[in-house]
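Quick notes on the structure that follows.
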Amino acid sequence: MPFAQLPTEAKLHYVDSGQAENRTPVILIHGLLGTAETEFPRVIEWLSKDYHVIAPTLRGYGKSTPKPRTFPHDFYQRDADDVVTLMDALQLEKAHIIGYSDGGEIALIAAGKHPDRFASVTTWGKRFSSRFSRWDTRSRNGEFSSPPAR
């Protein structure tokens, strides 16, 4: 798996899979404490059949540096800047971006700051809220079709 040394002072390890010509590439952004390889192996395999997939591991996680991972007040923005800078380093003019959990926050920020660089944004996963955690569990089991009335 390759690395990219970025001018943002990050050295990102990333998965580069699939070589679909004439299709916009897909960037996958993992969540908190994950890596591209631990969170997306099946997604990468599936998407690589039809798309060029880039899945970076964010700074401080896995093999990416600097370490240790830090969480300043603007870490989502910093990570979004790393993603766009990685696109520059890989000469990707435009991409679809998919983010899971914290990766979803990063995907939204990157696309919000650089809307011309992203063909689409997809996010999934969220943090649990104690107010809804009982509903979340039951809804996944099919017990509720909508949130309980307040």
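The values are calculated or read from the model by the stated rules, or taken from the named source; none is laboratory data. Not measured: the values here are computed from a predicted model. Neighbour counts run over all protein chains shown; Cβ positions are idealised from the backbone, glycine included.
Numbers at a glance
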read-out: Tabulated pairs, the range 15-26, first of a type in the set (D, E, K, R), second part of a strand (DSSP E or B), C-beta under 9 angstrom, 6+ apart or interchain; value: ASP16/VAL53; ASP16/ILE54; ASP16/ALA55
read-out: In the range 69-102, residue surrounded by the most Cβ atoms within 10 Å (Cβ to Cβ) [restricted to those that are among the hydrophobic types (A, V, I, L, M, F, W, C) and more than 20 Å from VAL43 (Cβ to Cβ)]; value: ALA80
read-out: Residues satisfying the stated conditions in the range 21-66, i.e. in a loop (DSSP other than H, G, I, E, B), closer than 17 Å to PRO2 by Cβ and not β-branched (Val, Ile, Thr); value: PRO25, HIS30, PHE40, SER48, HIS52, LEU58, ARG59, TYR61, GLY62, LYS63, SER64
read-out: Given (1) surrounded by 13 or more Cβ atoms within 10 Å (Cβ to Cβ); (2) at pLDDT below 95; (3) not in a helix (DSSP H, G or I), number of the condition SER139 does not satisfy; value: (3)
read-out: From LEU6, LEU47, residue being touching a Leu at 6+ places or on another chain (Cβ under 9 Å), farther than 17 Å from GLY103 by Cβ and aliphatic (A, V, I, L, M); value: LEU6
read-out: Members of the range 14-38 found to be buried (at least 19 other Cβ atoms within 10 Å of the Cβ), in contact with a helix residue (DSSP H, G or I) (Cβ under 8 Å, 6 or more places away or on another chain) and not small (Gly, Ala, Ser), listed by number; value: TYR14, VAL15, VAL26, ILE27, LEU28, ILE29, HIS30
read-out: Within the range 1-13, considering residues that are exposed (fewer than 14 other Cβ atoms within 10 Å of the Cβ) and of a type outside the set (A, V, I, L, M, F, W, C), the one nearest to ILE27 (Cα to Cα); value: PRO2
read-out: Some residue of the range 98-119 being among the acidic types (Asp, Glu), modelled with pLDDT of 95 or more and within 29 Å of GLY18 (Cα to Cα); value: yes
read-out: Residue list for the range 64-97, restricted to those being under 13 Å from HIS30 (Cβ atoms) and in contact (Cβ under 8 Å) with a residue 24 or more places away in the chain; value: SER64, ASP79, ASP82, VAL83, ILE97
read-out: Residue match in the range 13-20 (condition: among the charged types (D, E, K, R) and in a loop (DSSP other than H, G, I, E, B)); value: no
read-out: Lone unmet requirement of (1) within 13 Å of ASP82 (Cα to Cα); (2) at pLDDT below 95; (3) surrounded by fewer than 13 Cβ atoms within 10 Å (Cβ to Cβ); (4) not small (Gly, Ala, Ser) for PRO66; value: (2)
read-out: Output for the range 73-98, where each listed residue is more than 13 Å from the chain's Cα centre (by Cα) and not in a helix (DSSP H, G or I); value: HIS73, ASP74, LEU90, GLN91, LEU92, GLU93, LYS94
